[in-house]
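To start, the structure under review is shown below, and the notes come after it.
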Amino acid sequence: MAPNFGTNTNCATTNLFPSISAFFLASNSIGTIYRAYSRRDYYTIGFIVFEYSAFLLLDLCLTAFHELPSRNRSRRRKFLQLAIWFLYSAMVFGFSTYFGPLFGDPVCEYSLYVVSVVGSAFLFYVFVIWDECLGADEEKKVTYKVVKVQVYYDSVWEKV
């Protein structure tokens, strides 16, 4: 079930936990870049910069997407859906490219790519195609007849 981002805006933890996680992610990324630079590991520096920037863009797109009304079927919504899918897929393929050679066995490395492709295709189906089908169903006007039923009953507490 998707969280409702419009509720509980007065709570102090609404902005605290994402800020703490962003701080830890930034500090760990800076530390990893420093260690990689001292070892002259430029491949890791590129990987960390790519993943961190993709994460920030993905967070920005997800925030903008959740601010749109659910019945909004505009070009902006479609663009955000495709951007979210592309950024997620790029991040997953980046992880597969970086960590695949660490398995040592080419079969395990290729299986990691297969999992990445299947996950990306599943996300594309659910996030883009299935959402369009839901939008087409919502546009159909369905009328319901409202029936009000009044129930009269005696309560035990009323007799006490």
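The values are calculated or read from the model by the stated rules, or taken from the named source; none is laboratory data. In this text, all values refer to a predicted model and were calculated from it rather than measured experimentally. Glycine gets a Cβ as well: all are built from the backbone with ideal geometry, and neighbour counts include every protein chain shown. The protein model used for the area step is the full one, side chains on, heavy atoms only, and it has no ligands, DNA or RNA in it. Shrake-Rupley method; radii C 1.70, N 1.55, O 1.52, S 1.80 Å.
The C-alpha radius of gyration of the range 65-137, expressed as a fraction of 2.2 N^0.38 Å, stands at 1.39. Here the average projected area of the convex hull drawn through the C-alpha atoms of the range 22-118 stands at 7.7 nm². What FRET efficiency comes out for the pair VAL115/ALA64, r = Cβ-Cβ distance, R0 = 25 Å, nearest 0.05? So the FRET efficiency works out to roughly 0.30.
Think of a 1.4 Å ball rolled over the protein heavy atoms: the range 42-140 then has 66 Å² of accessible area per residue. Segment LEU123..PHE95, full-extension length gain: 8.4 nm, with 0.36 nm per residue of separation and the alpha-carbon distance subtracted. Could you calculate the FRET efficiency of PHE23 with LEU57 from 1/(1 + (r/R0)^6), where r is the beta carbon distance between them and R0 is 22 Å, rounded to 0.05? With R0 = 22 Å, the Cβ-Cβ based efficiency is 0.75. Sparsely packed loop sites in the range 25-89 (the trypsin sites (Lys or Arg not before Pro) outside DSSP H, G, I, E and B with at most 12 other Cβ atoms within 10 Å) comprise ARG39, ARG40, ARG71. Available extension along the chain between SER38 and LEU82 is 12.1 nm, counting 0.36 nm per residue and deducting the alpha carbon span.
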